[in-house]
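Data first, discussion second: the structure below is written as structure tokens.
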Amino acid sequence: MAKLPESASQTAGPYVHIGCVPEFAGLERGYHSQLGTSLRADLTGDPITIRGRIIDGMGDPVLDGLVEIWQPDGAGTFYTNGKGFGRAPSHAETGEFVIETVMPGAVIDQNGTLQSPHLALWIVARGINVGLHTRAYFSDNVAEDDPILSMIEPTRRTTLIAQKGSNGYQLDIHLQGEKETVFFDV
Amino acid sequence: MSKLTDIIPRDFSLHPPRIAPDYRSSRSRGPIHKPIGFATTMTEATGPTFGHDVLGPNDHDLLINHAVDGGSAIGPRIVVHGVLRDGDGRPVPNALIEVWQANAGGRYRHKKDAYLAPLDPNFGGCGRVITGEDGSYSFRTVQPGAYPWPNGGNDWRPAHIHFSVFGMAFSQRLITQMYFEGDPHIALCPIAQSIPDAAAIDRLTARLDMEATMPMDIRAFRFDIVLRGRGATLFENQMEGT
Ligand SMILES: [Fe+2]
């Protein structure tokens, strides 16, 4: 078949919450089920919480962003039917997003390599022209020789690692600046 | 159970740059570093898929899915339809498409939208569909209005509908906007014009479709969508059903 060019991306704009998390956006009537709200209920594994904010180049929190999550269960198995998919919108006043899920299992790759437990994240918001792929690893659960992290210079590697604290894990996404998050072309 | 395939690398020349200076918000929100590429792994080759059971009976009908007492949204009645394909031309079946938009006056149902145009009590502005076996989709709505937005000048968005599209793999995830044939605002819009390729902007522009237009009822617009193509098989039978 002839190759077709991919449709061009456009920013999700300031109202992505209407389309993707309508209950969170305050739509009082609409769908019977908002998607991406049941990671922890759908997957077996140890419950974890990750909190963070998306920070722009001026140092300000993004208030109209959305973090999408894709992950396997605690045993490293991916599922169909929406299991393993989550959505964490930025809070409209604080910018904080909260991911309530389970610790993903390590994933064995097609060439037999073990990848450290991680969440795939996809970030969209006003001002982001093409959705940004990144990952969240866990400070207490990272292999020294992880094949993806090893590709990244050590000073930037830390931008992908959620830090364990007394209140769960913490991971800010920096769109620009000294601490700019590593984004992937995947 | 499904085969998982490699995903063809993205051709960034078809997409807006991370920073498009005329679109002011992208100046402080577009990353500076180039994204880092690596060979497709299990994580990106898989992705969320949804069954038709996630849909409510009116999710595909924005004319009535927020209406009260048998009412209908105000504005030009339209049906938007098309086919979702991947880069190899294969239809993408069973894929979730979410849409959101302003009402016919150009106002979003959102607490931060303070535009002068009034809310329509019968219009919410979001809908969703799942593609059929042939990759086709269709939803009914009102044609949204153009609206002004803060970008440093006298900027008005062309009438548009936001699309969020899922494929088979998380790396195929796409958010875009659909424009309407003949809208003079497209050429003036810093967001539409952030796409460097005129043909790519044209492909985001829906065409009036008189064949699918229903006499005395509703006009049709045709909008086809293409996700990134898939390559060689990486894994087989790796996904667990429910
Ligand atoms: Fe919009």
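Does B:GLU211 fit the bill of being of a type in the set (Asp, Glu), within 30 Å of A:ASP42 (Cα to Cα) and out of contact with any Asp or Glu (no Cβ under 8 Å at 6 or more places or on another chain)? It would help to see each step written out before you state the result.
Details: of a type in the set (Asp, Glu): yes; within 30 Å of A:ASP42 (Cα to Cα): no; out of contact with any Asp or Glu (no Cβ under 8 Å at 6 or more places or on another chain): yes.
Here the answer is no, as B:GLU211 does not meet what is asked.
Scan the stretch A:15-29 residue by residue and report those that are within 16 Å of B:PRO121 (Cα to Cα) and within 10 Å of the ligand (Cβ to nearest atom).
Within the stretch A:15-29, just A:ILE18 meets the criteria.
Taking B:GLY56, is it out of contact with any helix residue (DSSP H, G or I) (no Cβ under 7 Å at 6 or more places or on another chain), away from the ligand (no atom under 16 Å from the Cβ), without any contact (Cβ under 8 Å) to a residue 60 or more places away in the chain and within 11 Å of another protein chain (Cβ to nearest Cβ)?
In short, yes.
Identify all residues within the stretch B:18-36 that are farther than 23 Å from A:GLN110 by Cα, within 7 Å of chain A (Cβ to nearest Cβ) and assigned to a loop (DSSP other than H, G, I, E, B); write none if there are none.
Within the stretch B:18-36, B:ARG18, B:ALA20, B:GLY30, B:PRO31, B:ILE32, B:HIS33 qualify.
As an exercise: evaluate B:GLY153 against (1) of a type in the set (Gly, Ala, Ser); (2) more than 30 Å from A:LEU35 (Cα to Cα); (3) touching a residue at least 24 places away in the same chain (Cβ under 8 Å) and give the number of the one condition it does not meet.
B:GLY153 satisfies all of (1) of a type in the set (Gly, Ala, Ser); (2) more than 30 Å from A:LEU35 (Cα to Cα); (3) touching a residue at least 24 places away in the same chain (Cβ under 8 Å) except (3).
With a cut-off of at least 1 residues that are within 16 Å of the ligand (Cβ to nearest atom), acidic (Asp, Glu) and under 30 Å from A:LYS3 (Cβ atoms), name the strands (runs of 3 or more DSSP E) lying wholly within the stretch B:66-139.
B:96-100
Among the listed residues B:ILE36, B:ILE78, B:ILE32, B:ILE64, identify the single one that is closer than 22 Å to B:ARG207 by Cα and not polar (S, T, N, Q).
B:ILE78
Restricting to the stretch B:95-109, what's the tally of residues that are within 10 Å of chain A (Cβ to nearest Cβ) and either over 10 Å from the mean Cα position of the chain (by Cα) or under 13 Å from A:GLY13 (Cβ atoms) (or both)?
Residues meeting the conditions: 7.
Please specify each residue of the stretch A:11-25 satisfying the condition of being farther than 16 Å from A:GLY95 by Cβ, among the β-branched types (Val, Ile, Thr) and outside any loop (DSSP other than H, G, I, E, B).
A:ILE18
Out of all the residues in the stretch B:201-217, which are assigned to a helix (DSSP H, G or I) and surrounded by fewer than 17 Cβ atoms within 10 Å (Cβ to Cβ)?
Across the stretch B:201-217, the qualifying residue is only B:ASP202.
Quick grid of which residues meet (1) exposed (fewer than 13 other Cβ atoms within 10 Å of the Cβ); (2) aliphatic (A, V, I, L, M); (3) at pLDDT below 95:
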| site | (1), (2), (3) |
| --- | --- |
| A:ARG29 | yes, no, yes |
| A:SER33 | no, no, yes |
| A:LEU39 | no, yes, no |
| A:ASP42 | no, no, no |
| A:GLY52 | no, no, no |
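Look through B:PHE180, B:PHE163 and report the one residue that is within 16 Å of the ligand (Cβ to nearest atom), more than 11 Å from chain A (Cβ to nearest Cβ) and closer than 21 Å to B:TYR108 by Cα. Break it down into steps so the answer makes sense when it comes.
On the way: B:PHE163 fails: more than 11 Å from chain A (Cβ to nearest Cβ).
Being within 16 Å of the ligand (Cβ to nearest atom), more than 11 Å from chain A (Cβ to nearest Cβ) and closer than 21 Å to B:TYR108 by Cα holds for just one of B:PHE180, B:PHE163, which is B:PHE180.
Here's the yes/no breakdown for (1) under 24 Å from B:ARG10 (Cβ atoms); (2) surrounded by fewer than 21 Cβ atoms within 10 Å (Cβ to Cβ):
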residue	(1), (2)
A:ASN129	yes, no
A:SER139	no, yes
A:PRO147	yes, yes
A:ILE161	no, yes
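Starting from the stretch B:222-242, keep only residues that are under 16 Å from B:PRO48 (Cβ atoms), then list their pairs with residues that are at pLDDT below 80 whose Cβ atoms are within a distance under 8 Å, requiring at least 6 positions of separation or different chains.
B:GLN238/B:LEU4; B:MET239/B:MET1; B:MET239/B:SER2; B:MET239/B:LEU4; B:GLY241/B:MET1
Can you name every one of the strands (runs of 3 or more DSSP E) wholly within the stretch A:82-186 that holds 2 or more residues which are within 30 Å of B:PHE163 (Cβ to Cβ)?
Numbers: elements: A:85-89, A:96-102, A:119-124, A:132-138, A:161-165, A:168-170.
Result: A:85-89, A:96-102, A:119-124, A:132-138.
Among the residues of the stretch A:129-139, is there at least one that is away from every other protein chain (no Cβ under 14 Å) and not aromatic (Phe, Trp, Tyr)?
Yes; the residues of the stretch A:129-139 include at least one that is away from every other protein chain (no Cβ under 14 Å) and not aromatic (Phe, Trp, Tyr).
Step by step: first the residues of the stretch B:183-200, then only those that are surrounded by fewer than 22 Cβ atoms within 10 Å (Cβ to Cβ) and within 16 Å of the ligand (Cβ to nearest atom), then the one that is nearest to B:ARG27 (Cα to Cα). Which residue is that?
Per the criteria, the residue is B:PRO190.
For A:ALA8, are the conditions met, namely being over 22 Å from A:THR94 (Cβ atoms), in contact with a helix residue (DSSP H, G or I) (Cβ under 9 Å, 6 or more places away or on another chain), within 16 Å of the ligand (Cβ to nearest atom) and at pLDDT 95 or above?
Here the answer is yes, as A:ALA8 does meet what is asked.
Condition (residue is hydroxyl-bearing (Ser, Thr, Tyr) and crowded, with 24+ Cβ neighbours inside 10 Å) applied to the stretch A:9-16: is it met by at least one residue? I'd like the intermediate steps shown before the answer.
If we filter the stretch A:9-16 for residues that are hydroxyl-bearing (Ser, Thr, Tyr), which is where we start, we get A:9, A:11, A:15.
Cutting the leftovers down to crowded, with 24+ Cβ neighbours inside 10 Å gives us A:9, A:11.
For the stretch A:9-16, residues hydroxyl-bearing (Ser, Thr, Tyr) and crowded, with 24+ Cβ neighbours inside 10 Å: present.
The values are calculated or read from the model by the stated rules, or taken from the named source; none is laboratory data. Note that the structure is predicted; figures quoted are calculated from it, not measured. Heads up, the Cβs are rebuilt from the backbone with ideal geometry, glycines too, and the neighbour counts pull from every protein chain shown.
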